[in-house]
1. Quick one: would you say A:VAL235 is under 24 Å from A:GLU329 (Cβ atoms), of a type in the set (A, V, I, L, M) and not in a loop (DSSP other than H, G, I, E, B)?
2. Within region A:251-260, track down each residue that is more than 23 Å from A:VAL302 (Cβ to Cβ), more than 9 Å from DNA strand B (Cβ to nearest atom) and touching a residue at least 12 places away in the same chain (Cβ under 8 Å).
3. Given the options A:ARG100, A:ARG112, A:ARG147, name the one that is at pLDDT 90 or above, away from DNA strand B (no atom under 15 Å from the Cβ) and surrounded by fewer than 22 Cβ atoms within 10 Å (Cβ to Cβ).
4. Of the residues in region A:389-415, how many are open to solvent by less than 50 Å² (accessible area, probe 1.4 Å), away from DNA strand B (no atom under 11 Å from the Cβ) and outside any helix (DSSP H, G or I)?
5. Would you check which residues across region A:326-368 are of a type in the set (Val, Ile, Thr) and either in contact with a Lys or Arg (Cβ under 7 Å, 6 or more places away or on another chain) or open to solvent by less than 40 Å² (accessible area, probe 1.4 Å) (or both) and list them?
6. Does A:SER334 satisfy the condition of being in contact (Cβ under 8 Å) with a residue 12 or more places away in the chain, within 13 Å of DNA strand B (Cβ to nearest atom), in contact with a Ser or Thr (Cβ under 8 Å, 6 or more places away or on another chain) and hydroxyl-bearing (Ser, Thr, Tyr)?
7. With (1) at pLDDT below 90; (2) open to solvent by less than 20 Å² (accessible area, probe 1.4 Å); (3) more than 29 Å from the chain's Cα centre (by Cα); (4) not charged (D, E, K, R) as the list, and A:SER526 as the residue in question, which single condition is left unmet?
8. Do any residues in region A:187-204 that are under 14 Å from A:ASN171 (Cα atoms) and open to solvent by 40 Å² or more (accessible area, probe 1.4 Å) have Cβ atoms under 6 Å from those of residues that are assigned to a helix (DSSP H, G or I) and near DNA strand B (Cβ under 7 Å from one of its atoms), where the two are at least six apart or on different chains, and which pairs are they?
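The values are calculated or read from the model by the stated rules, or taken from the named source; none is laboratory data. The shown structure was predicted, so the numbers you read here are calculated from the model rather than taken from an experiment. Here Cβ is always computed from backbone atoms with ideal geometry, including for glycine, and neighbour counts include all displayed protein chains. To get the accessible areas, we keep the full protein, side chains included, count just its heavy atoms, and leave off ligands, DNA and RNA. Shrake-Rupley method; radii C 1.70, N 1.55, O 1.52, S 1.80 Å.
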Amino acid sequence: MNNTIQKYLTQTHNFNNEFIIQAIHCYLVHLLVSLMRSNYSFNGEPTTPCSSKGATSSQAKALTTTIINHLRLGRLGKAVSVLFSAPVPVHFALYAHLFRICASNKAIVEVRKVESHLVSFAPTPPVFLLNRAIEAYGKCGCLVDARELFDEMPQRDGGSWNAMVTAYSQNGYAGKALAVFSDMHKSGVFAAEVTFAGVLASCASTLALWLSRQVHALVLKYGFGGNVILGSSLVDVYGKCRRMGDARRMFDEIERPNAVTWNVIVRRNLEMGNGKESVFLFFKMICLNARPLTFTVSNALVACSSFRGFREGIQIHGLIIKINFEEDEVVSCSLIDVYAKCGDLVCARTIFDLLSTKNLIHWTSMVSGYAMSGKTRQAREIFDRMPERSVVSWNAMLAGYAHNSQWDEAMELINLMCNNMRDTDRVTVSLILNVSAGLSDLELGKQVHGYMYRHGFYSDLSVANALLDMYGKCGNLRKARAWFYEMSYFRDMVSWNALLSSYARHKMSEEALVIFWEMQQEVTPSKFTFATLLAVCANIFACEQGKQIHGFLIRNGYDLDIVIRGALVDMYSKCRLLEYSLNVFIGTSVKDVVLWNSLMLGCYHNKQSEAILKLFELMKEDGVKPDSTTFQAVLLACISQGCVKLGRQYFNSLSQDYFIIPQLEHYESMIKLYGLHGFFDELEDFVEKMPFQPTAPMLGRVFDSSKEYNNTRLGKWASVLLQSFGQVDTSLLVDFGTFLVSQIAEYCSDTKYFTRAKYCREVDLLKVLELMNTYIIRAHQFFEL
DNA sequence: CTAGGGTTAG
């Protein structure tokens, strides 16, 4: 009794007068009872109202009616306080009923009162009612009370142990649940089916595979093998422990799987990355006429998104309409996502527009759908119209800009985000690092580094890898290397690949090979590693090593995806093995624009320009849409083939037919095309109509051609303009750095510089300045300026 | 009288 009073008084949350009054009330009742017991030696056997006699019995009956009336009107608190108006036990069924209602209302105070009434007025409360009390405490999350009662019980039965196991397992104390189960087993108490449910749930959350196998054996030994719920839990345990073979075997053993069983097997397959298997099982379920849960439909849809299963997605959509799941929040969110991820944005939008109520996730799915399909303008429209936004919404929009290399827009959004959003998360931080890398903005990157340090993102692997990538892409290899060593205790293969590709990107090919050697001591290289290594080989003309990697990939059954094939085509063509390139190209069933571009540029490097124009036609026949790089290759072909008119046609169709904005390289190619073949009228006309002032290398090109064809007027014009570039400052060079180096290097016929400049963001500025100056000096000398 | 699964978006 004093325990009960103490409980009220030590309630730390919601400590107010009510508690004190309750405590005093309890205490008074207690005194009254003691008095009655001493006077009337109240010591009945199993105390029920039926066994009591006379006035007590009628009092209990009246009380029961009052309590039940209060309960009918939903007044639990009143019902329980009325209980205390009589110092007599009520019918055990009423106690059980009260415990159950308290549990479902999570009314902890009432549970304590009912328990106190029970133990005060029923001299020997039956074990089953105390078990109900433990269960009620468990449902209210009061494990301390549950455990105290459990420990103080004079007798226990299987139900008591079960109540304790269930209470711990349902409140997330899996370890304690398993410990209680272990004690129970040691005490020789046989577990019931329900107990195993709690035990298996705890095994699943602690990923205790070894214990699960033992429990599995016990389940079979006790003859519960046919229980669907235990079977489903076992499928769940094996699935969560990543033992999909065992999970599947267990699943196949279940004779009549129910909706939950199907949900588990579909979900676990999805989590393990077996999207196709997940969808296959879902269809199997439908074929067996089982009605799926909304979650299962959602899981199947997410599985479709994972492998771009458009046709499967449409079929599931049909089913959704048939079983009337269209308006379900979770299902409709996943449905929009499937259409968006499979690229059918019109359909996604239709579903979105037809929804009677749209939630935050619907809006965000739509933003992400547009953003990741490159339609950032539409994504932004939706984003701006959103009634509310979460971190995920902001991230979706930002990811869209980052994914499509719209760095300025990304930066603007980040600033907006700073003013409108208080919280950021790991994805935001990673994305801002990607933007820093994209803009080569080392200062921004360093700020994020500091932010990470202050806000505890330091030890998050994916954020740490993004930071490493940022330092690498911004060209600060020393920082990258330092951070990489700081990551020693938690880095993974992605970290190694990021470091490797940083060295490769900066053409530090020999160093990259050393890193490759080091990384093999720690992790197993992936296909990303090999794609990078092939680029390294291409850079240092290491055709033997390139061939070895190719062979290694084939021998070890690596998936030669489009990226690897692109790298192979590139490597072979740079190593002057164009036939090898062609073989890889022909062996690729579905060719993308990058692969076509690699082969076309390969032809250019191997002086096979005439093939480029033919390839261009074949590419169009193949239904692949050319991009700006394709046109760069085509224009280069026109230059070396002397196809001036054709070149002009291609340049015009670039913007007119393909809606590609011509880049500096395209303008430069046209100037080279006209200049090299002496088309000065067209050249002048072209330069005049350009939407920007000619750059120094363009003028250099004009100057060169003029010199070649003795066009003094144009040559002078070019060199006068070139003079203004004499005081060229380094900030200008950063903007045009890559471009300048490639032009100057090409002018100097320096292969080393040519290959460097082509892939390198960071350039040797001093070298460029030096080359620029010699160039300008020579111009001056020629025209005696 | 008590059990199992699960929250979609970056």
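1. Details: under 24 Å from A:GLU329 (Cβ atoms): no; of a type in the set (A, V, I, L, M): yes; not in a loop (DSSP other than H, G, I, E, B): yes.
So A:VAL235 fails the test.
2. Quick first cut of region A:251-260, residues more than 23 Å from A:VAL302 (Cβ to Cβ) only: A:252-256.
Imposing the further condition that a residue be more than 9 Å from DNA strand B (Cβ to nearest atom) reduces the set to A:252-253, A:255-256.
A:GLU253, A:GLU255, A:ARG256 - these are the residues of region A:251-260 that are more than 23 Å from A:VAL302 (Cβ to Cβ), more than 9 Å from DNA strand B (Cβ to nearest atom) and touching a residue at least 12 places away in the same chain (Cβ under 8 Å).
3. Just one listed residue meets the conditions, A:ARG147.
4. 1
5. Step one: of region A:326-368, the residues of a type in the set (Val, Ile, Thr) are A:330-331, A:336, A:338, A:346, A:350-351, A:357, A:361, A:364, A:367.
A:VAL331, A:ILE336, A:VAL338, A:ILE351, A:THR364, A:VAL367 - these are the residues of region A:326-368 that are of a type in the set (Val, Ile, Thr) and either in contact with a Lys or Arg (Cβ under 7 Å, 6 or more places away or on another chain) or open to solvent by less than 40 Å² (accessible area, probe 1.4 Å) (or both).
6. Details: in contact (Cβ under 8 Å) with a residue 12 or more places away in the chain: yes; within 13 Å of DNA strand B (Cβ to nearest atom): yes; in contact with a Ser or Thr (Cβ under 8 Å, 6 or more places away or on another chain): yes; hydroxyl-bearing (Ser, Thr, Tyr): yes.
So A:SER334 fits the description; yes.
7. If we test A:SER526 against (1) at pLDDT below 90; (2) open to solvent by less than 20 Å² (accessible area, probe 1.4 Å); (3) more than 29 Å from the chain's Cα centre (by Cα); (4) not charged (D, E, K, R), just (3) comes out false.
8. These pairs meet every condition: A:ALA201/A:SER169.
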